[in-house]
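The values are calculated or read from the model by the stated rules, or taken from the named source; none is laboratory data. A quick note: this is a predicted structure, and the numbers were derived from the prediction, not measured. Methodologically, a virtual Cβ is constructed for each residue, glycine included, from the backbone with ideal geometry; neighbour enumeration extends over all protein chains shown. All accessible areas refer to the heavy atoms of the entire protein, side chains included, with ligands and DNA or RNA removed. Shrake-Rupley method; radii C 1.70, N 1.55, O 1.52, S 1.80 Å.
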Amino acid sequence: MPQIFDVVVIGGGPGGYIAAIRAAQLGLRTACVDEWRGADGKPALGGTCTNVGCIPSKALLQSSENFDQVGHHFADHGVRVRGLELDLAQMLRRKDKVVKASNDGIVYLFKKNKIAFFHGSGSLVSAGASGCEVAVKGAQNETLTAKNVIVATGSSPRPLPGADFDESLVLSNTGALAIPEVPKRLGVIGAGVIGLEMGSVWRRLGSEVTILEALPDFLGTADEQIAKEAWKVFTKQGLKIELGVRITGVKAKKDVTVEYGDAQGKSQSIVVDRLIVSIGRVPNTSGLNAGGVGLKLDERGFVGVDEHCRTNLPNVWAIGDVVRGPMLAHKAEEEGAAVAERIAGKKPHVDFNTVPWVIYTSPEIAWVGKTEQQLKADGVEYRAGTFPFSANARARALGDTTGMVKFLADAKTDQILGVHIVGPFAGELIAEAVVAMEFHGSSEDIGMICHAHPSLSEAMKDAALAVDKRALNI
Ligand code: FAD
Ligand code: NAI
């Protein structure tokens, strides 16, 4: 007997579970199908983000930062600690507990909102104007009938050709979050977000980290000035980053040999104990039966969607990492909530221009809107204001004065076009810029707002004032 729903969501990551919760809040009969299993073999809702992404990586970033602070920075504050020891097994257990609490939180939210959960792999059987059918392959096979289907199947790590992940020597994000002992020599391929975050974790815990990056520029998606500042800090911390390399071979036996051509084209090699490969991610579409029902994928293999996340099939929607745009949990969530609202007849809007980015290194890097190089390329006239954390009283009290805040505003209207931060708590500070941009605020608006003293947020105000060359504290 088929089960009938208004909405069936395939995928229980941040895109899928938020879509399901919003649909249920709006009174739609909702089901979510997800195939993830935790390390204990049991269903584990939350997708990549909760299980092997955002949440465990931030848990380890915090724990490793604590270790680094006690080991290297507490003495500056007059706090001497003798006999500091790393209990890596406990650090990893704590990370697993943080993940489990998040998995359980989603189960609770599903129950609270009366969302039916099916554990298994979901695929489209049919999709038409009158509704869709989804087959679930799991412990029990089911067929669900739905007026609407939301595809939220996420993404998987891209392997390097010829170096499959074994999660022992050659690690994806999954293995990188669970290395049982600190590797003496850790190699990382790709100086993107995962490479920098996971490279930072293991460096703080004692590894010699070498990151090999194909592109000639460091962090090309960030503002150039911010990327330059971050480069200085990371290399000073001890991350060895080589740019412009071409990987020619990876041999994994007892350890891992990586052969590559350097920026000058000279053949080089490194031998490391473990290798993290973080060279981007690919959309999960293979289990969907896209070909069978005529669901169009784009030229890069993502599910093709319009700006409202509609696919080419009636009543089939797609959101999150499996569609175009940045692979970020909050972008997936915004799309999920918006699609649920659209199904319920509302007219939501997702503003892709104000999706913030945060890289949780130390210092953190965060930005929203356009970079200076993008504005130049687009021929936009702008004014820039920067303010260093070294001139901010709270940063000095904190003992972390690295980095700066940078505002970019339209030369004529003063509307904020982009805000870029490298420095302490950049990931929290960026929220003010997102709100300001969402309300089409100007740098003068931020400069006129009273910010608490002493606070890091005063660096936001001073950088905004600096656009008009009137920063107060420098
Ligand atoms: P996913 O989270 O990938 O979830 C998809 C779910 O669908 C999975 O459970 C999968 O098993 C399931 N699924 C797939 N196919 C099927 C099928 N056929 N049937 C049933 N189920 C299926 N983003 C941030 O914004 N901030 C961060 O700090 C951050 N840190 C990250 C750290 C790491 C190490 C990684 C790898 C990623 C990180 N991300 C971060 C990115 C973030 O995890 C993704 O953007 C986000 O998870 C995408 O959500 P999603 O719902 O689209 O897909
Ligand atoms: P990424 O796209 O951030 O970085 C990949 C890097 O690998 C790029 O710099 C690229 O030039 C390089 N590269 C590609 N092929 C290469 C090769 N053959 N040799 C050497 N270098 C190569 O991808 P990453 O780090 O794998 O992360 C995937 C996505 O997950 C991110 O783009 C982001 O969307 C998300 N994520 C977000 C986080 C956050 O928001 N804090 C944290 C971690 C991941």
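The overall shape of the stretch 170-279 is oblate: from the C-alpha gyration tensor, with semi-axes ordered a ≥ b ≥ c, the ratio a/c is 1.5 or greater and a/b is no larger than b/c.
Distances between placed amide hydrogens fall under 5 Å for Ala191 paired with Ala214, all partners being 5 or more residues away or on another chain. The value of relative contact order for the stretch 354-466, using C-alpha pairs under 8 Å at least six residues apart, is 31 percent.
Within the straight-line cut-off of under 18 Å between alpha carbons, the aspartates and glutamates reachable from Lys232 are Glu197, Glu208, Glu213, Asp217, Asp223, Glu224, Glu242, Glu364, Asp400, sequence neighbours fewer than 8 places apart in one chain being disregarded. Here the 3J(HN,Hα) profile of the stretch 407-424, calculated from phi with Karplus coefficients 6.51, -1.76 and 1.60 at θ = phi - 60°, is 9, 10, 10, 4, 4, 8, 8, 6, 4, 5, 10, x, 9, 10, 9, 10, x, x Hz, Gly and Pro shown as x.
Angle of helix 329-343 to the longest C-alpha principal axis of the chain, folded into 0 to 90 degrees and rounded to 10: 40°.
Mind scanning Lys228/Lys406; Lys228/Lys251; Lys114/Lys147; Lys376/Lys406; Lys184/Lys251; Lys228/Lys376 and naming the pairs with a C-alpha gap bigger than 21 Å? Beyond 21 Å between Cα atoms: Lys228/Lys251. Set the Förster radius R0 to 22 Å, insert the Cβ-Cβ distance between Asp76 and Cys450 as r into 1/(1 + (r/R0)^6), and round the FRET efficiency to 0.05. For Asp76 and Cys450, the calculated efficiency is 0.10. How would you classify the stretch 286-349 from its alpha-carbon gyration tensor, with a ≥ b ≥ c the square roots of the eigenvalues: rounded for a/c under 1.5, else prolate if a/b is greater than b/c, otherwise oblate? Here the stretch 286-349 falls in the oblate category. Over the residues of the chain, the helix contribution to mean residue ellipticity at 222 nm works out to -9500 deg cm²/dmol, using -39500 (n - 2.57) for each DSSP H run of at least 4. Excluding same-chain neighbours fewer than eight residues apart, the aspartates and glutamates reachable from Lys137 by a Cα-Cα span under 14 Å are Asp34, Glu35.
Taking amide hydrogens as placed 1.01 Å from N in the peptide plane, the amide H of Val405 sits under 5 Å from those of Phe387, Phe389, each at least 5 positions away in sequence or on another chain. Shape of the stretch 221-278 from its Cα gyration tensor (a ≥ b ≥ c, root eigenvalues): rounded if a/c is under 1.5, otherwise prolate when a/b > b/c, or oblate? Here the stretch 221-278 falls in the prolate category. For the stretch 307-348, relative contact order (Cα pairs under 8 Å, six or more residues apart, normalised by length) works out to 28 percent. Among the cysteines of the chain, Cys32, Cys132, Cys309, Cys450 have no other cysteine beta carbon within less than 4.7 Å of their own.
The simple Förster model, with R0 at 45 Å and r as the Cβ-Cβ distance, assigns Asn113 and Ala89 a FRET efficiency of 0.75. In terms of overall dimensions, the chain has a Cα radius of gyration and Dmax of 23.6, 72 angstrom.
Among His440, Val380, Gly423, whose Cα lies farthest out toward the positive end of the dipole of the stretch 354-466, if unit charges sit on the beta carbon of Lys, Arg (+1) and Asp, Glu (-1)? My answer, from the dipole projection, is Gly423. Mind giving me the FRET efficiency for Ala101 and Glu181? R0 is 22 Å, r the Cβ-Cβ distance, nearest 0.05 is fine. Rounded to the nearest 0.05, the efficiency is 0.30. Here's how it looks for Val125: its modeled amide H is under 5 Å from those of Glu133, Val134, Ala135, which are all 5 or more places away or on a different chain. Over the stretch 354-466, the pair-distance histogram of Cα-Cα distances with 5 Å bins from zero comes to 2, 14, 25, 26, 19, 10, 3, 1, 0 percent, rounded to whole numbers. Note on the stretch 170-279: with neighbouring protein chains present and a 1.4 Å probe, carbon and sulfur make up 52 percent of its accessible heavy-atom surface.
Using only Cα atoms, tell me the angle between helix 14-25 and the longest principal axis of the chain; keep it within 0 to 90° and round to the nearest 10. Helix 14-25 sits roughly 60 degrees off the main axis of the chain.
In order along the stretch 284-297, the Karplus-derived 3J(HN,Hα) couplings, from 6.51 cos²θ - 1.76 cosθ + 1.60 at θ = phi - 60°, round to 8, 10, 5, x, 7, 6, 4, x, x, 9, x, 6, 7, 9 Hz, and Gly and Pro are given as x. By the rule of a C-alpha distance below 17 Å, with chain neighbours fewer than 8 residues away ignored, the aspartates and glutamates paired with Lys254 are Asp164, Asp166, Glu167, Glu181, Asp273. Within the stretch 105-260, the proportion of C-alpha pairs whose separation exceeds 18 Å stands at 70%.
Helix 457-466 and the longest principal axis of the C-alpha atoms of the chain enclose an angle of approximately 70°.
Packing around the peptides 386-394, 460-468, taken as the average count of other Cβ atoms within 10 Å per residue, puts them in this order, highest first: 460-468, 386-394.
Each Cα pair under 8 Å and six or more residues apart adds its sequence gap; the mean of these over the residue count of the stretch 170-279 is a relative contact order of 35 percent. Whole-Hz Karplus values for the stretch 425-442 come out as 6, 4, x, 8, 5, 5, 4, 4, 5, 4, 4, 4, 5, 4, 8, 6, x, 10 Hz, taken residue by residue from phi with 6.51 cos²θ - 1.76 cosθ + 1.60 and θ = phi - 60°; glycine and proline positions read x.
Where both bridge residues fall in the chain, DSSP classifies roughly 65% of the beta bridges as antiparallel. Available extension along the chain between Glu428 and Lys228 is 69.9 nm, counting 0.36 nm per residue and deducting the alpha carbon span. Entry comment: accessible area of the chain is 47 Å² per residue, from protein heavy atoms only and a probe of 1.4 Å.
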